[in-house]
Amino acid sequence: MSFADALAALYTPETARAIEAADEAAVLRALERRAPDEADLAALLAPAAAPHLEAMARRAHETTVRHFGRTIQLFTPLYLSNYCTNGCVYCGFNTGNRIPRAQLTPEQALAEGRAIAATGLRQLLLLTGEAPARAGTDYIAACARLLRPLFPSLGVEVHALAEADYRALTRAGVDAMTMFQETYDRELYATLHPRGPKRDFAWRLGAPERACRAGMRVVNVGALLGLAPWRLEVFATALHARHLQRRHPGVDIAISLPRMRPHAGAWQPAHPLTDSELVQAMTALRLFLPQAGITLSTREAPALRDNLVPLGVTRMSAGVSTAVGGHTGGDPGSGQFEISDPRGVDAVCAALRQRGYQPVFKDWEPLEHAHTARRAS
Amino acid sequence: MTPVTEHDDILELGGARLHSRLFIGTGKFGDDALIPAVCAASGAQVITMALRRVDLDAGPANLMAHIPAHMVRLPNTSGARNADEAVRIARLARAMGCGDWIKIEVVSDSRHLLPDGYATARATETLAREGFVVLPYMNPDLYVARSLADAGAAAVMPLGAPIGTNRGLRTREMIAILVEELDLPVIVDAGIGKPSQACEAMEMGAAACLVNTAIATAGDPVAMGRAFGQAVAAGRAAFLAGPGAERRRASASSPLTGFLGEAGAGAGGAVPGEAQP
Ligand code: SF4
């Protein structure tokens, strides 16, 4: 079964009601399970689980430490281009927003990459808006080829591509792909994406699976929390991740929990999450998917980010600018969203160390460069 | 033949003579700066590290900088999804100066992290031919173990339980079969959560134990390293002292069947084929 079919069966008012209706006994049962199933997941996301947040957090913490240790991987995004043909109503880059548009040449991207690498970071995430005529696969691949020698792990967070495009990107040295479905609610999706190619819900939904087939090592999914009621969104995200894990056992499937932030433009999220709800979402995901990476962005404020670290996070961004050219002195004014954690890499590392966590900069050795290896001594 | 005692009990592996039968790892520490103290407290002489985490450009922050010079480095191929990737990572490790030892991990299952026995055997064959000391991480399956032995492995490293679960010796019976059947050292890897479980593996006749998660994620990793060092030594001493050592002791003083053949040994008295007094 494709995930689109599975989603049609699970993203329903009945599922939402089942989550709402799960009782305390179901929550306690779920907390005891070695391998929680879908019903357990529903219970962990239920209102009835809220009083048991501390127990969930403890289990999430133990599970994460056992599987990932006291380590947090650090990465930073590099915005290559903010040209966009889409009208996502929640986004500062949306084609209707009158912001300065810019696109880095591959050489400028390399200069940004050098500035980032100088901070010690070794994992980079390349982002673009959706403007394939300007910032298409060839352009992204050209940037990747220049940046690869500086960054053993290169990810992309760009528009939904065909399998052949993802394959071309892996050949250019890209090993990770991030794709947020934004919302798993098909009807809401249509109203939030009134124009542009991104309107095609199914094409986007299938993108992570195409990336898996194309040989990406890490595929990261997520929903933009705040667009729709969060319990069902997180439930769908978890089952999407598990679907990918089962079909592509060789790919590391990771999850992000991006929460909506204020941005240029008047639109504000209809279903904002409280901090406790974010914690419930994260710990439920961790218990359901013990081996999945969980990514936390700089959308969250420093104090909250530091407190979330022990609850299941495995990967964080640091030293972030969401503006094109933001690392080499470009105008940082018109970013995609406002970040809440403006700390530099050193400050993030210091905060992690203070909590007994080790920042990890490098977690992959690109094998295509085997011949350039140097000796340690 | 003289009895084997703790003092001359040496594990010979890949040209090294190891007094400690505890192998440790570098992953999952909250601070890599703890590694030298863990090495010292545990007495371990072999330490594994994921090549994917090694960054020679990182200067003093480089993981390798924390590994004391006397330790045998055992780079591992964590992240390899097939035999070819494992082989390439092993060659990179050697080119980067990590030595000739390699722990092969070929895992293509991100949910359970179970090793792929066939791919592991293929990688072992290639790397053993290239002169590596190959220590493959495996499911404790006798057939896979035999293929690994045939392929030139220096030891086999069966899992006690899935990686990172700390669930102990769940595969106890299968590991016992490997210990019984193989001429190679059997080094229990993965799943050991407590010193008592490492001790048990050693009592069963394992040649060594590799412990990473349980030490690195302990409240006090140095103290836990020491506890594991002691537990492994105790388990080994028990193995040498116990029934497992009987075969080695040709001079055992009073065999239980020594009475057979002795004159007037029992009520029946007569031993077939011997003359009556
Ligand atoms: S979310 Fe992406 S696709 Fe939508 S408007 Fe913003 S940049 Fe364009």
If you take every DSSP beta bridge whose two residues both sit in the protein assembly as shown, what share of them, in percent to the nearest 5, is antiparallel?
-> 10 percent
Give me the accessible area of residue B:31, 1.4 Å probe, in Å² rounded to the nearest 10.
-> 70 Å²
So what is the diffusion coefficient of segment A:38-114 in µm² per second by Stokes-Einstein at 25 °C and 0.890 mPa s, using a Kirkwood Rh over Cα pairs?
-> 142 µm²/s
Ordering B:196, B:42 by the accessible surface of their heavy atoms, 1.4 Å probe, largest first, yields B:196, B:42
Hey, what's the Cα Rg ratio for segment B:151-220 versus the globular rule of thumb, 2.2 N^0.38 Å?
-> 1.06
Compare B:112, A:193, A:327 by solvent-accessible area with a 1.4 Å probe and give them largest first, with all protein chains kept in place.
-> B:112, A:327, A:193
Quick one: accessible surface of residue B:194, probe radius 1.4 Å, all protein chains present, in square angstrom to the nearest 10.
-> 110 Å²
Summing -39500 (n - 2.57) over every DSSP H run of at least 4 in chain A, dividing by its residue total and rounding to the nearest 500, the 222 nm mean residue ellipticity is -11500 deg cm²/dmol
With unit charges on the beta carbon (Lys/Arg positive, Asp/Glu negative), name the residue among A:228, A:216, A:240 whose Cα is farthest towards the positive pole of the charge dipole of segment A:208-248.
-> A:216
For segment A:160-307, what is the per residue volume of the convex hull drawn over the alpha-carbon atoms, in cubic angstrom?
-> 129 Å³
Residues with beta-carbon under 12 Å from that of residue B:132, excluding residue B:132: net charge, scoring Lys, Arg +1 and Asp, Glu -1?
-> +1
Correct semi-axes for segment B:43-93, from √(5λ) of the alpha-carbon gyration tensor and rounded to whole Å with the largest first, are 21, 14, 8
Using alpha-carbon positions, the gyration tensor of segment B:1-129 gives root eigenvalues a ≥ b ≥ c; with a/c under 1.5 called rounded, otherwise prolate if a/b exceeds b/c, else oblate, the class is oblate
Segment A:4-51, dipole about Cα centre (Lys/Arg Cβ +1, Asp/Glu Cβ -1), debye to the nearest 20 | 120 debye
Kindly list the residues of segment A:72-90 that lie in the label zone of residue A:199, defined by a backbone N under 13 Å from the point 7 Å along the Cα-to-C-beta vector.
-> A:86-88
Just the number, please: carbon plus sulfur as a percent of the accessible area of the protein assembly as shown, 1.4 Å probe, no ligands or DNA/RNA counted.
-> 52 percent
Show which lysines lie in cross-link reach of residue B:194 when reach means a straight Cα distance below 21 angstrom and same-chain residues fewer than eight apart are skipped.
-> B:28
All-pairs alpha carbon distance profile, segment A:1-138, 10 Å steps from 0, percent = 10, 21, 20, 25, 21, 3
Can you pull out the buried accessible area for chains B and A, both sides counted, probe 1.4 Å, rounded to the nearest 100 Å²?
-> 3300 Å²
When you have a sec, figure out the Kirkwood radius of the protein assembly as shown from all distinct Cα pair distances and drop it here in Å to one decimal?
-> 26.6 Å
When the C-alpha atoms of segment B:54-165 are aligned to their principal axes, what extent does each axis show, in angstrom, from largest down?
-> 43, 32, 25
Within the protein assembly as shown, which cysteines find no other Cys whose Cβ is under 4.7 angstrom from their own?
-> A:84, A:143, A:212, A:349, B:39, B:98, B:199, B:209
Rg(Cα)/(2.2 N^0.38 Å) for segment A:65-203, N = residue count = 1.12
Calculated FRET efficiency for the pair residue B:84/residue A:9, C-beta based, R₀ 25 Å, to 0.05 | 0.05
Give the percent of DSSP beta bridges with both residues in chain A that are antiparallel, rounded to the nearest 5.
-> 5 percent
Note the full-extension length gain between residue A:89 and residue A:17 as 0.36 nm times their separation in residues minus their Cα-Cα distance, in nm to one decimal.
-> 23.1 nm
Rounded if a/c is under 1.5, else prolate if a/b beats b/c, else oblate: with a ≥ b ≥ c from the C-alpha gyration tensor eigenvalues square-rooted, which is segment B:94-251?
-> oblate
Counted charge near residue B:72, where neighbours are those whose Cβ lies closer than 15 Å (Asp, Glu -1; Lys, Arg +1) | +3
Sorted by accessible area with a 1.4 angstrom probe, largest first, how do B:72, A:156 fall?
-> B:72, A:156
Over all directions, average the projected area of the Cα convex hull of chain A and note it in nm².
-> 17.9 nm²
Debye log10 I(q)/I(0) at q = 0.16, 0.18, 0.22 Å⁻¹ for segment B:86-142, Cα point scatterers = -0.47, -0.58, -0.81
Over the protein assembly as shown, give the accessible area per residue in Å² for a 1.4 Å probe, as an integer.
-> 40 Å²
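The values are calculated or read from the model by the stated rules, or taken from the named source; none is laboratory data. Just so you know, these numbers come straight off a predicted model, no measurement behind them. Note: ideal-geometry Cβ built from the backbone for every residue, glycine included; neighbour counts use all protein chains shown. Accessible surface is based on the protein model in full, side chains and every heavy atom, while ligands, DNA and RNA are left aside. Shrake-Rupley method; radii C 1.70, N 1.55, O 1.52, S 1.80 Å.
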